[in-house]
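The values are calculated or read from the model by the stated rules, or taken from the named source; none is laboratory data. Since we're looking at a predicted model, the values are computed, not measured. All Cβ positions, even for glycine, are placed from backbone atoms using ideal geometry, and neighbour counts span all protein chains on display. All accessible areas refer to the heavy atoms of the entire protein, side chains included, with ligands and DNA or RNA removed. Shrake-Rupley method; radii C 1.70, N 1.55, O 1.52, S 1.80 Å.
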Amino acid sequence: MTDIASQNQAAGGRPGRVVVVTAGGENPWIMINAFSAHFADVTVVEEQPESKGLFLRRRARKLGWLTALGQLATMIASRFGKRFTRKRADEIFATYKVSGKPDPSIPVKSIASINDTDATAQVRALKPDVVFLISCRMLKAETLAAIPCPVLNFHAGINPAYRGLMGGYWARINNDLENFGATVHLVDAGVDTGGVLYQSRQKPAPHDTMHTYPLLQTAASTDIAIAAVGDALAGKLQVIDVAGPSRQWYHPPIWTWIWNGLKRGIW
């Protein structure tokens, strides 16, 4: 046990090693900081973000080049637009009393990709009791099979209706605010198709946008993530039955996003 883990346990943190796999960012650190406040031993494995070129080629093979380029344009607009939503982001942080700032006391191990053989070996060497994924690459089947403990994922959307990406945005587009929320689920070989463990629902503010939906969903869901990790450490994971249609969603192409923003006020 690390010195940090010993200090956390002495302060009342629950024993058990939690390994968080992420590509980094403000939203994942909300969850990481929440885990550190509740569990004795938290380690972060941070992978390098996927290149835009690799994303574009993969998406084009699945959906065609026009749609893929339109989705990439939306991603770029989303990143640029975040600077204009800082006030709303600060409101969310204050409301839910969370922090997205990296804690230097939490160990971080850098890797290229969780699906690299050496990265999987590093995770195994940590001897995790539970692995928690948030904002990282989808695990290949062989990677998942090599991890000898429960693997959970945080998804900013309500499964199975809003699997994939931009779950909050699409719930609003579909006038389905009852399904604006987040899911913690077991990881399997599919896209957000693993057994659902917990879900939370939020009500977005009128001025929330694609830039703040995921932040709201994450900040409001630390409790269900903590509960799921606690269940995993206790060996008491229990899948809940969630009925309804199942669909995988993607980023809206830039023309869809602009049209909905101008015509319906949903950005």
Dividing the helical contributions, -39500 (n - 2.57) per DSSP H run of n ≥ 4, by the residues of the chain yields a 222 nm value, nearest 500 deg cm²/dmol, of -12500 deg cm²/dmol
Given a 1.4 Å probe, the accessible area of the chain per residue, as a whole number of Å², is 48 Å²
By the DSSP-based rule, helices of the chain that are at least 20 Å long along the axis (C-alpha) and have a mean Kyte score of at least -0.5 are 65-81
Ranking Met138, Met75 from most to least accessible area with a 1.4 Å probe gives Met138, Met75
The ³J(HN,Hα) series, computed from each phi in the stretch 105-116 with the Karplus coefficients 6.51, -1.76 and 1.60 at θ = phi - 60°, rounded to the nearest Hz and given as x for glycine or proline, is 7, 8, x, 10, 10, 8, 9, 7, 8, 4, 8, 6
Long-range amide H partners of Glu50, meaning residues 5 or more apart or on another chain whose placed amide H is closer than 5 Å, are none
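So how much slack lies between Arg58 and Met75, counting 0.36 nm per residue of separation and subtracting their Cα-Cα distance, in nm?
Taking Arg58 through Met75 to full extension adds about 4.6 nm, to one decimal.
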Amide H contacts under 5 Å for Val20, restricted to residues at least 5 apart in sequence or on another chain and with H modeled in the peptide plane, are Thr43, Val44, Val45, Phe132
Sequence order, the stretch 141-154: Karplus ³J(HN,Hα) from phi using 6.51 cos²θ - 1.76 cosθ + 1.60, θ = phi - 60°, Hz rounded, Gly and Pro as x, gives 4, 5, 5, 4, 5, 7, 8, x, 7, x, 10, 10, 9, 9
Between Ala121 and Arg247, the FRET efficiency computed from the C-beta separation at R0 = 51 Å comes out, to the nearest 0.05, as 0.90
Between the modelled labels at Lys140 and Arg201 (7 Å from Cα along Cα→Cβ) the distance in nm is 4.0 nm
Sorted on mean Cβ neighbours within 10 Å (highest first), peptides 64-73, 224-233 come out as 224-233, 64-73
Sorted by accessible surface (1.4 Å probe, heavy atoms of the protein chains only), largest first, Leu133, Leu63 come out as Leu63, Leu133
Of Arg61, Arg124, ordered by accessible area with the largest first and a 1.4 Å probe, the sequence is Arg61, Arg124
Taking Rh as the Kirkwood radius computed over alpha-carbon pairs of the chain and applying Stokes-Einstein at 37 °C with viscosity 0.692 mPa s, one gets a diffusion coefficient in µm² s⁻¹ of 172 µm²/s
Excluding ligands, DNA and RNA, the carbon-plus-sulfur percentage of the accessible area of the stretch 119-248 with a 1.4 Å probe reads 52 percent
